[in-house]
Every structure is written in structure tokens, then in C-alpha cells.
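**Student:** The following block contains the structure, expressed as C-alpha cells.
The values are calculated or read from the model by the stated rules, or taken from the named source; none is laboratory data. Predicted model, so just to flag it, every value in this text is computed and none were measured. So basically every Cβ, Gly included, is an ideal-geometry build from the backbone, and we count neighbours across all protein chains shown.
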Amino acid sequence: MPRSTGPGEGDRYAGFRVTPWVHHCGQFVARHRDFWIRLGDQETRLRRDDIAGIAVEKPIFVSGLARSGTTILLEVLAGHPSLTSHRYKDYPFLFTPFLWNRFLSYVPNHGTEAAERSHADGIAVTAESPEAFEEVLWMAFFSGLHDPRHCNVLDAETSHPAFERFYLDHIRKLLRVRGRARYLAKANYNVTRLEYLLKLFPGARFILPLRAPQGQIASLVKQHRLFCEGERTHPRALHHMRRIGHFEFGLDRRPVNVGDGAVPAILEAWDRGEEVEGWALYWSSLYGYLANRLAVAPELAAAVKLVRFEDLCQRPFVVLSAVCDHCHLEESAHLVAEAAEMMRMPRYYRPAFTQAETDSIERLAGPVARRFGYADSAGL
């Protein structure tokens, strides 16, 4: 959600205000998902000739635990002329790209003025900015995706023909509507669906950012506090986050269950008010799962490009060039040079852990961090 301007300005949590229109339309779509799936299928049948020649080749998926650079990478890649992704303006009627974009073409152009998003992290967005919305589609077909009591992994053995058909057609329609050749998605929860996605799209490219535990946990703690206060101040925001599948922080925070038995300890730590301990356990669980899968699945490892946040900020030109090469993106030099000029380590907050918290992070997350080349949990 971009920060609001105009009425409500001066409200510290104005970025969490959800307009009545978005609230009620989003509610209608969420309550009648089967209807919207049928409508999306009908749209596909009516526009079959328009998408008949469109192949979904080498889609790019940016995934990882929040606060690791996923949004920056999405925005950089979305600037490439071959790529398109979901945008803020696509919500809430994601299921029918042709119909909704036709409607928008008759509506006066609103939301073009950039405003800082609700994360208060200096990233400004407009209605045309890329955003992570495909989780809405996943939730429409898979029940329990965000239930931490059960393993949330979708692997190469997963099969859901109805979803797979709808998802493929949806991407093809989006490519046709935008006049682009390749699909780009930021979807953090896809980090536990990589092998399923690779089965669906053998040429897929995965960009997986990660960040040294201390810096990432400090940012996660800050964001969770911000979202809790924002959702208390503007209750519609909580409903909005649930509808778009955003459970990473806030009043309905839910850890991803990778099947390693770590979730009860994570939730218990958070219940005790031990935020840092819970996040350290979570960091170790999620990235430990990823390290394990990359170690035993060579085809997946070849499709993955790991991007350490610190390297991205300190050597942006080198890292972004490597990302574009991995994604087979030609004519990207100008895009990379322009983005690299703006990259820097965040300065809008500083970690303020006690020594006991620092020791806890090192003990719980340090061993996994070293598997990704970090000397310790601070990334030194």
C-alpha cells in the first residue's frame, strides 16, 4: 500500500489506509473466488485466439524472506523492456486481465504520483509500479498455504491441473495485455515452491536474495512493529493483507512451515515476546531449507541465482549484471548502470540488539549463514 496523501495527511500510519473502494471490492473478490476463477476461464475462452501464439518462456521469480532486497530487485528487473509483472493497479481484479485492463483504459489516470509505500523504507510507488500479487491466485486454488500447523512446501511431486491451467493462461493473458515477452514475479512464498515451479516452467530463472541474519532480523522486527501499529490504527489494512496473502508481519503474522519442526519453537518465542529469538529461528529454518534443497537438486541449483543483500548494496553493478546474465536478459547494460547509481545500504534505521540478542542470533542462525558464505550472523 502506498502512503496516502491529502485527507489523513499527518497520520503517521496513513500508508495503511485502505480506501472503501479497494476494501469492498477486495472483499467481494475474496469471498467469491470460485466465481472469479470461472470468469477468468470464460475470459480465456473468449480471448483464446489472442493468446494462442504466446508461450511462457523463461519466467523470472524473485523470492525470499522479506527485507532481503526482493522489492528492489523486482523494480530493477521490471524496468527491462522484455518483462512485465503484476502492478498495483491490477488489484483486486487479478483474475481477468483483459476485462480489468479494458475497464482501466476508460478511467481517468489516477495514482500516477509517486508515494512512499507503507513500509516506510524510502521506496516510492505508483499505480504502475510492480507488486507481488500472484499469491491471490495461489490462495484461490490451494487451501492451507499459510497454515503454520502444516508443511507449506509444494515440491516436484505436487500436481494441481486446474491451477496449472489457470496460472499458465493467466500469465499468457498478462503478457498479451502488456505487450511483453516474459513474465516476472516477486512472490516471497514461492521460495518453498521452487521445484514445483521448475516442473511447470523448465526454463524458469529464480532470483533468491538473502541478508546476513543480524541486519535482516533488525529490519523484520522494525517492520513487524510498524505493521502491527498500522493495522491497529487502520483495521481495514489487516483484512487487505490477508486478502493479498501477506502474512510476513503484522497482527496476523504466520511463519512458513518448511516441515523441519521449527514452527512451534518460533511461535512460542514470539508468544513470549522474544521477537529476536523467534526471527532467528525462522531465518535459520527457511534458509536452512533452501540450502538443503540446493545441495541435493542440481537442476534447481542451476536455475537459482543467490543474491546477498550486502553484495547488492556494495557492488551493485557487478551483482545486477550477474542477475541479468542469469536471467538471459539482453540489452540490460543501461538498466543496470542506472539502477547501480541509486543502490546503497539502508540508513533509515540501525540495529540496536542487546549482547544477549546478538549472541542468540549467532547461535541460532550463524551456522546456516555460514553455508551462504557469511563469516558470522552479522555478515562480517
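**Student:** Give me the pairs, please: first residue somewhere in the stretch 333-353 and closer than 19 Å to residue 74 by Cβ, second residue anywhere and modelled with pLDDT of 75 or more and assigned to a loop (DSSP other than H, G, I, E, B), beta-carbon distance under 7 Å, and either six or more positions apart or on two chains.
**Tutor:** Taking only residues 6 or more apart or on different chains, the pairs are 335/79; 335/80.
**Student:** Moving on to the next point. Would you point out which residue out of 165, 180, 172, 176 is loosely packed, with under 15 Cβ neighbours inside 10 Å, modelled with pLDDT of 95 or more and either in contact with a Pro (Cβ under 9 Å, 6 or more places away or on another chain) or not in a loop (DSSP other than H, G, I, E, B) (or both)?
**Tutor:** 165
**Student:** Could I ask something else about it? Please name all residue pairs, on different chains or six or more residues apart, with Cβ atoms under 9 Å, provided the first residue is in the stretch 174-202 and is free of Cβ contacts under 8 Å to residues at least 12 places away in the same chain and the second residue is of a type in the set (Gly, Ala, Ser) and in a helix (DSSP H, G or I).
**Tutor:** Going by the 9 Å Cβ cut-off, the qualifying pairs are 202/303.
**Student:** List pairs: first residue in the stretch 360-372 and touching a residue at least 24 places away in the same chain (Cβ under 8 Å), second residue part of a helix (DSSP H, G or I) and hydroxyl-bearing (Ser, Thr, Tyr) anywhere in the structure, Cβ distance under 6 angstrom, at least six positions apart or on different chains.
**Tutor:** 364/284; 365/284; 368/284; 368/287
**Student:** Give 46, 39 a once-over and let me know the one that is at pLDDT 95 or above, within 20 Å of residue 137 (Cβ to Cβ), loosely packed, with under 13 Cβ neighbours inside 10 Å and over 24 Å from the mean Cα position of the chain (by Cα).
**Tutor:** 46
**Student:** Quick one: would you say residue 362 is closer than 19 Å to residue 208 by Cα and modelled with pLDDT of 95 or more? Show your work before the answer.
**Tutor:** Numbers: closer than 19 Å to residue 208 by Cα: no; modelled with pLDDT of 95 or more: yes.
So residue 362 fails the test.
**Student:** For the stretch 197-219, which residues satisfy the criterion of being in a helix (DSSP H, G or I) and closer than 20 Å to residue 85 by Cα?
**Tutor:** 197, 198, 200
**Student:** Would you call residue 303 under 24 Å from residue 63 (Cβ atoms), hydrophobic (A, V, I, L, M, F, W, C), at pLDDT 95 or above and surrounded by fewer than 18 Cβ atoms within 10 Å (Cβ to Cβ)?
**Tutor:** Spelling it out, it is not the case that residue 303 is under 24 Å from residue 63 (Cβ atoms), hydrophobic (A, V, I, L, M, F, W, C), at pLDDT 95 or above and surrounded by fewer than 18 Cβ atoms within 10 Å (Cβ to Cβ).
**Student:** Name the residue, out of 75, 128, that is modelled with pLDDT under 90 and touching a Ser or Thr at 6+ places or on another chain (Cβ under 9 Å).
**Tutor:** Result of the check over 75, 128: 128.
**Student:** If I ask for residues that are in a helix (DSSP H, G or I) and more than 22 Å from the chain's Cα centre (by Cα), which ones from the stretch 234-266 would you list?
**Tutor:** Selection gives 264, 265.
**Student:** While we're here: Mind checking which residues of the stretch 82-122 are at pLDDT below 90 and in a helix (DSSP H, G or I)? Walk me through how you get there before you give the answer.
**Tutor:** Applying the first criterion (at pLDDT below 90) to the stretch 82-122 yields 105-122.
105 - this is the single residue of the stretch 82-122 that is at pLDDT below 90 and in a helix (DSSP H, G or I).
**Student:** Inspect the stretch 57-68 for any residue being surrounded by 14 or more Cβ atoms within 10 Å (Cβ to Cβ) and of a type in the set (S, T, N, Q) and give the result as yes or no.
**Tutor:** Yes, the stretch 57-68 contains at least one residue that is surrounded by 14 or more Cβ atoms within 10 Å (Cβ to Cβ) and of a type in the set (S, T, N, Q).
**Student:** Now, a different point. Take residues that are of a type in the set (Val, Ile, Thr) and in contact with a helix residue (DSSP H, G or I) (Cβ under 9 Å, 6 or more places away or on another chain) and tell me which of the helices (runs of 4 or more DSSP H) falling wholly in the stretch 268-380 contain 3 or more. Reasoning before the result, please.
**Tutor:** Working: elements: 275-296, 298-303, 309-314, 316-326, 333-340, 355-371.
By residue number, 316-326, 355-371.
**Student:** Contact list please: Cβ distance under 6 Å, first residue in the stretch 31-56 and on the phi < 0 side of the Ramachandran plot and of a type in the set (D, E, K, R), second residue surrounded by 15 or more Cβ atoms within 10 Å (Cβ to Cβ) and modelled with pLDDT of 95 or more, pairs at least six apart or on different chains.
**Tutor:** 33/140; 43/96; 43/98; 43/99; 47/98; 50/176
**Student:** What is the residue count in the stretch 6-36 for residues that are of a type in the set (Asp, Glu) and at pLDDT below 95?
**Tutor:** Number of matching residues: 2.
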